[in-house]
Protein chains: 6
Amino acid sequence: MTLRADGRGAAQLRDITITRGWSAQAEGSALIEFGNTRVLCTASFTEGVPRWLKGEGTGWVTAEYAMLPRATNTRNSRESVKGKLSGRTHEISRLIGRSLRAVVDTKELGENTIVLDCDVLQADGGTRTAAITGAYVALAEAVEWARSQGILKPNAKVLSDSVAAISVGIIDGTPMLDLPYEEDSRAETDMNVVVTGSGDFVEVQGTAEGVPFKREELDSLLDLALIGTTELAQIQRDTLRAGK
Amino acid sequence: MTLRADGRGAAQLRDITITRGWSAQAEGSALIEFGNTRVLCTASFTEGVPRWLKGEGTGWVTAEYAMLPRATNTRNSRESVKGKLSGRTHEISRLIGRSLRAVVDTKELGENTIVLDCDVLQADGGTRTAAITGAYVALAEAVEWARSQGILKPNAKVLSDSVAAISVGIIDGTPMLDLPYEEDSRAETDMNVVVTGSGDFVEVQGTAEGVPFKREELDSLLDLALIGTTELAQIQRDTLRAGK
Amino acid sequence: MTLRADGRGAAQLRDITITRGWSAQAEGSALIEFGNTRVLCTASFTEGVPRWLKGEGTGWVTAEYAMLPRATNTRNSRESVKGKLSGRTHEISRLIGRSLRAVVDTKELGENTIVLDCDVLQADGGTRTAAITGAYVALAEAVEWARSQGILKPNAKVLSDSVAAISVGIIDGTPMLDLPYEEDSRAETDMNVVVTGSGDFVEVQGTAEGVPFKREELDSLLDLALIGTTELAQIQRDTLRAGK
Amino acid sequence: MTLRADGRGAAQLRDITITRGWSAQAEGSALIEFGNTRVLCTASFTEGVPRWLKGEGTGWVTAEYAMLPRATNTRNSRESVKGKLSGRTHEISRLIGRSLRAVVDTKELGENTIVLDCDVLQADGGTRTAAITGAYVALAEAVEWARSQGILKPNAKVLSDSVAAISVGIIDGTPMLDLPYEEDSRAETDMNVVVTGSGDFVEVQGTAEGVPFKREELDSLLDLALIGTTELAQIQRDTLRAGK
Amino acid sequence: MTLRADGRGAAQLRDITITRGWSAQAEGSALIEFGNTRVLCTASFTEGVPRWLKGEGTGWVTAEYAMLPRATNTRNSRESVKGKLSGRTHEISRLIGRSLRAVVDTKELGENTIVLDCDVLQADGGTRTAAITGAYVALAEAVEWARSQGILKPNAKVLSDSVAAISVGIIDGTPMLDLPYEEDSRAETDMNVVVTGSGDFVEVQGTAEGVPFKREELDSLLDLALIGTTELAQIQRDTLRAGK
Amino acid sequence: MTLRADGRGAAQLRDITITRGWSAQAEGSALIEFGNTRVLCTASFTEGVPRWLKGEGTGWVTAEYAMLPRATNTRNSRESVKGKLSGRTHEISRLIGRSLRAVVDTKELGENTIVLDCDVLQADGGTRTAAITGAYVALAEAVEWARSQGILKPNAKVLSDSVAAISVGIIDGTPMLDLPYEEDSRAETDMNVVVTGSGDFVEVQGTAEGVPFKREELDSLLDLALIGTTELAQIQRDTLRAGK
């Protein structure tokens, strides 16, 4: 009996593809796909830090998330035309930044800045989790690049671990992994979980969309999320090992 | 042995005060204090709904959060002067709105709108959790008012439950409840938990500030949070029973 | 025969309350009430001056006025959400700043800045005059604080006088003092007068709302205003003498 | 003995020129000069009123004031480029609008709107008073135009009086009329007075720039202002009588 | 002797690739590449027109151009974060819209709207000409889609011709076709030419970057441009004939 | 047989008037009229350059274009009130700046900045071409002024040539010079041409408004434009020779 429209089992990820080095311009980049969701992640490495960090001897990592106007099923107005960012954009940009900083040793980075741009080219649910997972690969590429340029020392241990993220939710009473848009929009509870390669939590954000959720439901969602992030961590490792 | 600067035990809330009917103008209002944190919550009840909801027969509940420029230890620029809201303001406003909608039956509300304004007059950590807890009281007052005015039917069951929120965090390895600013700023992990009067979860937002956290830590933080929200729910009940 | 809805005589102020030290965070603060009008005034003292004043050896005093969205009878949109200040907000902020600077000796202040924030928590007419009157108390507290910290010399004569403000207007042909919203909205002529403790004028702003006014009317309004500001100056003195 | 740089007596206006019909496009227009101050005033008459006035049977008159970037001695950034209006621009626009509405019977205007645009082409003090004085002429032209087009009835008494404005100030202890920039910038007290053709007050705005001012000073400034506005009213009458 | 860094002849285009149907969400889409320049063009077809066109019986076609922050060699700030569009973005968006409208019969389109979004994923010169050329393909797809859906009649002749664009410039005295960034930045004269499939001009925009240009130079640039647009028109035809 | 509403021949300019030194404040200024189109051009000369040019030893010339709200037949909202510049304003400002820089030797200018402000006081077609033509005169005046002040050396050759601009278009199949609004709005093709005093091209911007245009039409429009700019160059020379 198939539970899901796309034939997946409850604990199964969508097809995950990570294309390294998609951009010829950026110091690091990855085009990541979670099924039909496609996010272009670039990492811009620049020497120097924002003014408020100068002289501290530590670096800075930040992120910006955005969606192309026609990434979704109906067109959204551009935030640049409206002249302001939505709360959603702000919220996700901050989440991505925090998630990556959790695995960065800014002392080892020295007074350098890495900006991660995560632009959703096509959206079908899970854009923020794809963005975090892809941004880590772009970040790792940029660190590698800086090492190859002699900007970072060969043994600088900038990244303490890898980081990946996945969405989980309860649909018709059943906890499910990696929700596409159709499932996400009718989930009773929706959770985004950010986990390191070692399996520790960086962020847990669970929201009751309709009915409040019970402690047991929370527990089974976390179990499911860990299955997904373990798999994603492996794909990240394989991708980075394979080279561009 | 005292663990905390203010002499509290790890599982103890700060002094909580809720002053109902603080505003002579709003349909509902509460000045809530979590220790030195003071938030003025008002509920504005208006007939009619935003254009996109017209004719659906359901109501709308939304929230806006803001901080006075000198609520904090050093002055922040006004967002109205800067001409845009920060990501933080957006994020918290959305959280408060979602939290309250989780206990509102918008069908029962009919085509009416309630806007919750949560203005932080003084900030000492936990402003978002105080805002949610106080906004619920203002919301309940506004619903009562609408019933007394005959705008809502006497038996309209608009509120399905109460809702309250608290922060928890790990400080020097120890999980603690209801963090003031000083603790919050040095917590390793920081979590905001929104819980209904029945003890179910509405939102769980946990963030590793430095080191990623383990499943067991997450569990003990959730335990602690439930102690706090159970107590807050009781205070809300007492406050509402007491009348203005 | 009672002329006014609240039973006051034409030359009588509403109940005036000034609560010093309302804020635990600011260097100076006062919660001022003119009847139902409540304004929270905080004074933020910082060392240093804006760039354009550097090296001049003089200080800077400025003010910002704002109203909570539900301070009034119906809710107003937040200026931070709209992304711009209204003309009214600009106008009143500038008036408060000018009024306070009229009694400040910026040479004696040295290269320090004091920002007065006047946030209207509840509005019932006369918010700008309450703001000026309360801001003076917060300002005096902040100067006292700086003296106690040794930032200002013990004998620095920063304040040359006190300053207070009141509204007057002609209602149904009769000049009246300190108009609540209901009177203000039907006044034929409306005047705000800012006066020093010594009884000299700092600002006189009179506006014909409907019919232009005669020289004699102007004169009698000024007479009335001076009665009010004399009383306010006494309340300010008493409040400051009493200590926090 | 000459008191003033330009050889005028204390109670003497600068050369005043009003050129009617300067614009070929607007329903009413006047280029007004107070010495080197030049303001282009246009009146745009449109049928209909803003949404909030519809169906009330009354019209609307409003004004916008602006300054060309190089109207002054050094160039100012454009407000359109900065993306926001300064407080000063807001304040003056509102003053002009109020001043004109004081002599307009909006019932007689019917559901029509007149927008006065006052653009300062060259600035040398007194731009707001020149703007009010010139805007009245443009307004009178636009009313005349609407009558000639049959939009207003031949006997519609839209304008109940004329209105003009002048600045006065105390310089080196002497009250003076119609201050150019050089005088304005060193005046101890500065007042703008708006007066009808019949000699009644519409607005009185006096500001102590340095030392607070006494009641007698206020009185002598008002005397002086009335000399100026009486003369301006005569020039307005002559200009309008002369036709385009 | 090779004239150009990439080995091309002066009258030779870079490798041109057009991938139809790149987006699963939009009614029409094309990823177009001019060498390293990559632009994602989507066409959003919606029934109805902007308010100012309602009831005219004609449709509307418009375009928006934007660049990802790291499309270029160094990162640019996002326009959505800065809160305003640059003049360059405005200018190019308007150019694309005008170019496409030149081949659209809005009567045949009926009261429908097509928005073309051209997002530069990677930039290496000629982004606006690639955008126009790709947007035409997306537009043609969207028209085809609307016909297949029965929104447009089978014989509606919405597109009167095709349209493509190319850049030309004089580099070291030699006119050259299709400039990559490196050439564009040192061109003496730079021209963008928009041409229909029939070889008529839609837009000619020539700019002297340093030295003004002569009539003969203008003529030889136009000759060169026509070689390029003829070839692009053929590629567009082939792409559309091939189907998705 | 008269072809044009105003009785002009197809190759005839409207009445052109340039009033030098219109502004008493700016270093250079000209009020230019092309028939009913009136543009006030001022040149602001300041020592120093924008930060990004410091230490390069070269100057900077830039321009800003704007239109008064009632320059046109119906009133437009102010861009300062809307809080953003339209694409059209941006586009024209950039065109004026580029056109003037084409005849400026920034090395000879030294580290000085000249800002040209072109404010349309009355609009009847051709405002951008009038602005360029008038701005050149203001620019020449400002250079002269700087030389007279000893800021520029007596022999500094800042201006390599003059520059002027004109519009041409095809109306009812006939190419015509210098289009007023009525003609411009029904032109099939519309072109703005910027030409130096020596007759070389600085900018050529041709746009098909309806039907794409042929190479022969482009050629005849360019011929016509050169007739116009030759005449304008002569008027500029005469005006500058005549002195203020």
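Summed over the stretch E:76-130, the residues that are assigned to a helix (DSSP H, G or I), free of Cβ contacts under 8 Å to residues at least 12 places away in the same chain and of a type in the set (A, V, I, L, M, F, W, C) give a count of 1.
Among residues that are surrounded by 24 or more Cβ atoms within 10 Å (Cβ to Cβ) and within 24 Å of F:Thr58 (Cα to Cα), F:Val168 is not included. Only one of the listed residues (C:Thr37, C:Thr2, C:Thr17) is farther than 24 Å from B:Tyr181 by Cβ, modelled with pLDDT of 95 or more and surrounded by fewer than 23 Cβ atoms within 10 Å (Cβ to Cβ). That residue is C:Thr17. Taking the criterion of being part of a helix (DSSP H, G or I) and modelled with pLDDT under 95, the residues of the stretch E:221-243 that qualify are E:Arg241, E:Ala242.
May I ask you to verify whether D:Arg70 is without any contact (Cβ under 8 Å) to a residue 24 or more places away in the chain, of a type in the set (Lys, Arg) and part of a helix (DSSP H, G or I)?
Numbers: without any contact (Cβ under 8 Å) to a residue 24 or more places away in the chain: yes; of a type in the set (Lys, Arg): yes; part of a helix (DSSP H, G or I): no.
Answer is no for this residue.
Which is touching a helix residue (DSSP H, G or I) at 6+ places or on another chain (Cβ under 6 Å) and not hydrophobic (A, V, I, L, M, F, W, C), of E:Ser167, E:Ser198? The conditions single out E:Ser167. Scanning the stretch E:175-211 for residues that are buried (at least 24 other Cβ atoms within 10 Å of the Cβ), assigned to a loop (DSSP other than H, G, I, E, B) and touching an Asp or Glu at 6+ places or on another chain (Cβ under 9 Å) turns up just one, E:Leu179. Of all residues in the stretch D:56-67, those satisfying the criterion of being within 30 Å of B:Lys84 (Cα to Cα) and either part of a helix (DSSP H, G or I) or within 14 Å of chain C (Cβ to nearest Cβ) (or both) are D:Thr62, D:Ala63, D:Glu64, D:Tyr65, D:Ala66.
Give the stretch D:65-83 a look and list any residue that's of a type in the set (Lys, Arg) and surrounded by fewer than 19 Cβ atoms within 10 Å (Cβ to Cβ), or say none. Spell out how you get there, then give the answer.
Here is the first cut: in the stretch D:65-83, the residues of a type in the set (Lys, Arg) are D:70, D:75, D:78, D:82.
Within the stretch D:65-83, D:Lys82 is the sole residue that qualifies.
Tally up the residues in the stretch D:80-131 that are within 14 Å of chain C (Cβ to nearest Cβ) and among the β-branched types (Val, Ile, Thr), please. Break it down stepwise before answering.
Kept after step one, since they are within 14 Å of chain C (Cβ to nearest Cβ), are these residues of the stretch D:80-131: D:80, D:82-107, D:128.
Narrowing the set further to residues that are among the β-branched types (Val, Ile, Thr) leaves D:89, D:92, D:96, D:103-104, D:106.
Selection size over the stretch D:80-131: 6.
Of the residues that make up the stretch C:61-80, is at least one small (Gly, Ala, Ser) and over 30 Å from C:Trp145 (Cβ atoms)? Looking for residues that are small (Gly, Ala, Ser) and over 30 Å from C:Trp145 (Cβ atoms), one finds at least one in the stretch C:61-80, hence yes.
What do you reckon, is C:Glu217 touching a residue at least 40 places away in the same chain (Cβ under 8 Å), within 25 Å of C:Glu91 (Cβ to Cβ), crowded, with 18+ Cβ neighbours inside 10 Å and charged (D, E, K, R)?
Here the answer is yes, as C:Glu217 does meet what is asked.
Just one of the numbered conditions (1) under 14 Å from E:Gly206 (Cβ atoms); (2) at pLDDT below 95 is not true of F:Val195; which one? That leaves (2) as the condition not met.
Name the residues in the stretch D:1-55 that are of a type in the set (Asp, Glu), farther than 18 Å from D:Gly97 by Cβ and either under 21 Å from the mean Cα position of the chain (by Cα) or assigned to a loop (DSSP other than H, G, I, E, B) (or both), would you?
Step one: of the stretch D:1-55, the residues of a type in the set (Asp, Glu) are D:6, D:15, D:27, D:33, D:47.
So of that shortlist, the ones also farther than 18 Å from D:Gly97 by Cβ come out as D:6, D:15, D:33, D:47.
Across the stretch D:1-55, the qualifying residues are D:Asp6, D:Asp15, D:Glu33.
Given the options B:Lys153, B:Lys157, name the one that is part of a loop (DSSP other than H, G, I, E, B), touching an Asp or Glu at 6+ places or on another chain (Cβ under 7 Å) and of a type in the set (D, E, K, R).
Details: B:Lys153 fails: touching an Asp or Glu at 6+ places or on another chain (Cβ under 7 Å).
Going through B:Lys153, B:Lys157 in turn, just one is part of a loop (DSSP other than H, G, I, E, B), touching an Asp or Glu at 6+ places or on another chain (Cβ under 7 Å) and of a type in the set (D, E, K, R): B:Lys157.
For the stretch C:43-75, name all the residues that are closer than 22 Å to B:Ala30 by Cα and in contact with a strand residue (DSSP E or B) (Cβ under 7 Å, 6 or more places away or on another chain). Give the steps one after another, and end with the answer.
Of the residues in the stretch C:43-75, the ones closer than 22 Å to B:Ala30 by Cα are C:66-75.
Within the stretch C:43-75, C:Ala66, C:Met67, C:Leu68, C:Pro69, C:Arg70, C:Ala71, C:Arg75 qualify.
Within the stretch C:39-65, residues that are within 27 Å of B:Leu121 (Cβ to Cβ) have Cβ atoms under 6 Å from residues that are among the basic types (Lys, Arg) and outside any loop (DSSP other than H, G, I, E, B) in these pairs: C:Val61/C:Arg101, counting only partners at least 6 apart in sequence or on another chain.
Could you identify the single residue in F:Ala131, F:Ala135 that is at pLDDT 95 or above, more than 30 Å from D:Thr46 (Cβ to Cβ) and surrounded by 24 or more Cβ atoms within 10 Å (Cβ to Cβ)? Don't jump to the end; show me each part of the working.
Working: F:Ala131 fails: more than 30 Å from D:Thr46 (Cβ to Cβ).
Criteria check complete, one pass: F:Ala135.
Residue check: is A:Val158 at pLDDT 95 or above, buried (at least 22 other Cβ atoms within 10 Å of the Cβ), under 20 Å from the mean Cα position of the chain (by Cα) and farther than 21 Å from A:Thr129 by Cβ? Yes, satisfied. Among residues of the stretch F:163-174 that are over 18 Å from F:Thr230 (Cα atoms), those with a Cβ under 8 angstrom from a residue that is of a type in the set (S, T, N, Q), sequence gap 6+ or separate chain, pair up as F:Ile170/F:Thr189.
Within the set B:Thr106, B:Thr62, B:Thr58, the sole residue that is among the hydroxyl-bearing types (Ser, Thr, Tyr), crowded, with 18+ Cβ neighbours inside 10 Å and within 24 Å of B:Ala140 (Cα to Cα) turns out to be B:Thr106. Here C:Ala165 does not qualify as in contact with a Ser or Thr (Cβ under 8 Å, 6 or more places away or on another chain), modelled with pLDDT of 95 or more and assigned to a helix (DSSP H, G or I).
So that you can scan it fast, the table gives a plain yes or no per residue for (1) under 24 Å from D:Gly197 (Cα atoms); (2) more than 8 Å from chain D (Cβ to nearest Cβ); (3) in contact with a Gly (Cβ under 7 Å, 6 or more places away or on another chain):
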{"site": "C:Leu159", "(1), (2), (3)": "no, yes, no"}
{"site": "C:Ser167", "(1), (2), (3)": "no, yes, yes"}
{"site": "C:Gly173", "(1), (2), (3)": "yes, yes, no"}
{"site": "C:Ala187", "(1), (2), (3)": "yes, yes, yes"}
{"site": "C:Gly197", "(1), (2), (3)": "no, yes, no"}
{"site": "C:Val202", "(1), (2), (3)": "no, no, no"}
{"site": "C:Glu209", "(1), (2), (3)": "yes, yes, no"}
{"site": "C:Lys214", "(1), (2), (3)": "yes, no, no"}
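The values are calculated or read from the model by the stated rules, or taken from the named source; none is laboratory data. Predicted model only: the values in this text are computed from it and were never measured. We place every Cβ from the backbone using ideal geometry, glycine too, and count neighbours over all the protein chains shown.
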